[in-house]
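**Q** Pasting in a structure now, in structure tokens, and then I'll have a few things to ask.
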Amino acid sequence: MAAYTIWIDMEDIFQYAAHNRRPSGIQRQVYEILQVLQGCISRPEDVRIGYVRKGADGDPACIVSAQDVENLFASLADDEIASVSGLSRKTPSSKQARRKNFSLQSVNAKAVAFRQFNSLRHALIRKFEQMPEPVGRPLLRAGTLQMRVLRMIRDLRNQSAVRHSASGENVPVRIPQSGRGSSAPLPRPHGMKPDDIFLVMGAAWADAAFGERLRAVRKSYGMKPVLLIYDLIPLTCPEWFPPQVVSTFSAWLENVIPQCSDIMVISHATKKDVQDFLVQRSLHLNQAPWVVPMGGGFGDMSVATSGPDAPGLPPAKSYVLFVSTLEARKNHILMFQVWARLLREKAYTDVPTLVFAGRPASMVEDLMQQMENTDYLDGKVRLIREPSDEELRCLYKNCLFTVFPSLYEGWGLPVTESLLFGRPCVASNVTSIPEAGGDFARYFDPYDFETVYDTICRTIEDREGLKAWEDQIRKNFRPTPWSDTAKAILQSCEVAHQSSQPTLRRAG
């Protein structure tokens, strides 16, 4: 078999990192896949990995180095800088080393500032929580307001974009290694050749002109695009998006899918949505989309049970956890309403704290206003914005159980993560979520408030049943390793490399 390179498009993650401090689900998944991808290649002499992004001069595929990608993910993490170095095993020249150190210094400075801010915030919160309730609760409210002001000031002063290496020198770009032999250097400015793979596994739909870029990639280099689709939610549930997003996403999908040699999806539910879309648009695939098994876990999972707890988080077993970006379809408002009723019907001390772990995003203004108007239900709801991996591990490890009431998902990564940490999860029974939780999670109809409320009540009150549930998860749950995800992606790329392009035509 002729050797070929899989060029992974990183443009959308560079763009994301320019405006966000912490990764969302998609960026986290891409990071985990990249960590293991090279080590899953069975014939490293025939298959190589490279990275590209859109060039400043309009080049549709400009090569970026492994160090660029390493710095990119480091910019999205305050406690992953050491572990992300697994992406790169090259020995830079002295000039490259100086450039690397300069770039990483700026990343480290950003990370240190973020850690210091989080430490101050958590220390104050924990201090207030430990005070007697008549004193601590008013101080907690006042502290929350002050922290909001500090966060606003920090955000205004800390708008930073990811550095992008644009050196004109003809430096070879080496493929990241994971314990395998060295790959041959890839020449700059262009090392692409016909039948190489152009792998898209991020959130490329943010670029409305991506279809034109794919056409240029195929025309200029003869590469074969392979696309990983997470969901079609802007089309299946347009009520949760601005109209412009819905129309842009629809046009993006119709322009991009016909150009792809192979299409992967992350669940059977998403596969059905893609197939329905193809029928609606009178498009036909020569083969059905591949369902890629989704891995679980993040960062160094070995510290999940052995590492010390991050400071300032709620006491162990005192809270129920909901990990997700705050947006309308994730249905945080449902859990807020459940907790409001719990506090009306039960003693304050009998109700665990509800912890939202994630950043507020779209269409949650009403929820945020309700939380502020009620002083976060007198402290029984807590928002931990953009938790670090260390904080997230501790939150999972020490919670009573997790909830995930989302109304629509392409997969449901927080459900899988909860089980991986041995924590029971109560979740919606819709779309792909039961695929993520299998027989180990318990489900409710998110549109039936009484059922949801009763399910949450029983789970909180039945501590013996909760312990038995935990024991079952720890004994029997077998998470899918990220290497299985990587191997499926590599197989899809192999099929695309060996096939003709495109594989999609108009039906009839």
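Bear in mind these aren't lab numbers, they're just calculated from the coordinates by the rules spelled out. This structure is a prediction, so every number in the text was calculated from the model and none was measured. Note that each Cβ is placed from the backbone with ideal geometry, even for glycine, and that neighbours are counted across all protein chains shown.
**Q** Suppose every K and R has +1 on its Cβ and every D and E has -1 on its Cβ; what is the size of the dipole of segment 309-479 about the Cα centre, in Debye to the nearest 20?
**A** Values: 20 positive and 26 negative charges, 84 e Å.
The calculated dipole for segment 309-479 is roughly 400 debye.
**Q** Putting +1 on Lys and Arg Cβ atoms and -1 on Asp and Glu Cβ atoms, find which of Thr270, Tyr221, Ala288 reaches farthest to the positive end of the dipole of segment 192-329.
**A** Ranked along the dipole, the leading option is Tyr221.
**Q** Is the C-alpha gyration tensor of segment 309-479 telling us rounded, prolate or oblate? Criteria: a/c under 1.5 is rounded; beyond that, a/b larger than b/c is prolate, otherwise oblate.
**A** On the way: a/c = 1.26, a/b = 1.21, b/c = 1.04.
Note, shape of segment 309-479 comes out rounded.
**Q** Hey, another quick one. Between Asn373 and Ser220, take the C-beta separation as r, use R0 = 51 Å, and let me know the FRET efficiency to the nearest 0.05. If you can, show how the numbers build up before the last one.
**A** On the way: r = 56 Å, r/R0 = 1.09.
So, using R0 = 51 Å, E works out to roughly 0.35.
**Q** Next question. Sort the following peptides by mean Cβ neighbour count (other Cβ atoms within 10 Å, averaged over residues), highest first: 354-360, 468-474, 291-297.
**A** Working: 354-360: 21.6, 468-474: 14.7, 291-297: 20.0.
The peptides rank, most packed first, as 354-360, 291-297, 468-474.
**Q** Once you have a ≥ b ≥ c as the square roots of the Cα gyration tensor eigenvalues for segment 236-280, tell me rounded if a/c is under 1.5, and otherwise prolate or oblate according to whether a/b is larger than b/c.
**A** On the way: a/c = 2.16, a/b = 1.34, b/c = 1.61.
Judged from the Cα gyration tensor, segment 236-280 comes out oblate (a/c at least 1.5, b/c at or above a/b).
**Q** Then there's this: Within 14 Å, Cβ to Cβ, of Ile233, how many net charges do the neighbouring residues add up to if Lys/Arg are +1 and Asp/Glu are -1?
**A** Details: positive: Lys272, Arg329, Lys330; negative: Asp231, Glu239, Asp273, Asp276, Glu327, Glu409.
For residues surrounding Ile233, the net value is -3.
**Q** Grab the Cα-Cα distance for Arg43 and Cys237, subtract it from 0.36 nm times how many residues apart they are, and report the gain in nm with one decimal. Write out the running numbers ahead of the final one.
**A** On the way: separation 194, 0.36 × 194 = 69.84 nm, distance 4.22 nm.
In short, 65.6 nm is gained.
**Q** A follow-up question, please. Among residues other than Asp454 whose Cβ falls under 13 Å from its Cβ, what is the net charge (Lys/Arg +1, Asp/Glu -1)? Don't skip to the end; give the middle numbers.
**A** Values: positive: Arg341, Arg442, Arg458; negative: Glu345, Asp445, Asp448, Glu450, Glu461, Asp462.
It works out to a net charge of -3.
**Q** What does the charge count around Thr5 come to, taking other residues whose C-beta lies under 9 Å from its C-beta (Lys +1, Arg +1, Asp -1, Glu -1)? Write down the numbers at each step before the final one.
**A** On the way: positive: Arg48, Lys193; negative: Asp196.
Taking every Cβ under 9 Å from that of Thr5, the sum is +1.
**Q** Here's something else I'd like to know. What is segment 408-488 by shape, rounded, prolate or oblate, if you read a ≥ b ≥ c off the alpha carbon gyration tensor as root eigenvalues and call it rounded for a/c under 1.5, prolate for a/b larger than b/c, and oblate otherwise?
**A** Values: a/c = 3.37, a/b = 1.34, b/c = 2.51.
Cα axes put segment 408-488 in the oblate bin.
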